[in-house]
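First comes the structure, then the notes that go with it.
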Amino acid sequence: MGFLTIILLFLTGIVAGIFGGLLGIGGGAIMLPMTRFAFSFSPSIAVGTTLVAVIFTAVAGTYQHWKMGNVDWKSVRYIAPAGVVGVIIGSILFYLIKDYHELIDLILGIVFTPIAASMIYEGLFLREKPDPPGKTMGGNIPLKAGIGGGVGIFTGMSGLGGGFIMVPAFVYFLRSPVKVAIGSSMASFVWFALVGGIIKISQGLCDVPAAFAMGFGAVGGALIGARLCSRIRPATLKTIFGFIFLYVSLKYILSYFGVNI
């Protein structure tokens, strides 16, 4: 891998970090299609490299939310272990299909479709609701573990963080304040990413220099995104990127049928 490619991957990480911080989706949803299509990584290597790269943003994000008191650690201690088990299961399943590149593209296209739909819906129609009081989440232990385990399987299969699943689940099913949902999601995902990333590296499904280049870039980009957050309407950005992700999902799906757009 040449020096220029490393620089471009670093810049990709910065962009992913900026928009990930602005939109609250993490950088993986941007880094994954970029590595797959812009840098021509195989589908399986793109997934593994993205998962390792987002470890950096997960650690940085968790630290920031911990300092702000936005992490419900009592809930995380049930969500994280269940998610780790899910990541192991998802990683094993992914390894079984790693050579079926067209199938992986189809699966990822299907995965990106609800991301796009959710972002378009939130950007165009969703109105903010008042937060529940307090700094903790409701719900029982089996429900928390179930959410963690399900998202863990998704992470092991797709390389994405699953914040766009966990945050709404925490808000609607566990009656969590939004900031606590985001912080607790990030704190749980650190363990998903660490275990999943180690597994992907051991399976030979990660370009480590590329992952580190994007990861370091994403951390810097997230800091920029945090400063821009108060200046740009998140709803507008979500709408724009929702349609971009809709295109990405169609590109993945149509590539399964041999059609390039």
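Things worth noting here:
- Using just its DSSP H runs of length 4 or more, each adding -39500 (n - 2.57), the chain gives a mean residue ellipticity at 222 nm of -26000 deg cm²/dmol after division by all residues.
- Note on residue 7 and residue 64: the model spin-label points, each 7 Å out from Cα along the C-beta direction, lie 2.7 nm apart.
- In Å, descending, principal axis extents of the Cα set of the stretch 1-136: 49, 32, 32
- Violating pairs (Cα-Cα greater than 23 angstrom) within the set 135/238; 67/179; 135/200: 135/238; 135/200
- 17 Å cut-off, amide nitrogen to a point 7 angstrom out along residue 136 Cα→Cβ, residues in the stretch 41-74: 69-74
- Fewest-first ordering of 78, 172 by other beta carbons within 10 Å of each residue's beta carbon gives 172, 78.
- Computed on the chain, with alpha-carbon pairs under 8 angstrom and 6+ residues apart, the relative contact order is 41 percent.
- Isotropically averaged projected area of the stretch 93-189, using the convex hull of Cα atoms (one quarter of hull area), nm²: 7.0 nm²
- The protection proxy used here, the mean number of other Cβ atoms lying within 10 Å of each residue, ranks peptides 94-103, 200-209 as follows, highest first: 200-209, 94-103.
- Mean-position separation - Cα centroids, the stretch 4-65 and the stretch 206-261, in angstrom: 8 Å
- Span-rule helices in the chain, defined as complete DSSP H runs reaching 20 Å or more along the axis (Cα) with Kyte mean at least 1.0: 3-23, 73-96, 101-124, 141-158, 178-202, 208-228, 234-256
- Dipole moment magnitude, nearest 20 debye, the stretch 3-256 about Cα centre, only Lys, Arg, Asp, Glu C-beta charged: 720 debye
- Over every Cα atom in the chain, the radius of gyration and the widest Cα-Cα span, Dmax, amount to 17.1, 52 Å.
- Ordering of 28-36, 160-168, 63-71 by packing [mean C-beta count within 10 Å, highest first]: 28-36, 160-168, 63-71
- With contacts taken as Cα pairs under 8 Å and at least 6 residues apart, the stretch 134-187 reaches a relative contact order of 46 percent.
FYI, it's all coordinate maths here, none of it is from the lab. All of these numbers come straight from a predicted model, not from anything done at the bench. Every residue, glycine among them, receives a Cβ derived from its backbone with ideal geometry; neighbour counts consider all protein chains shown.
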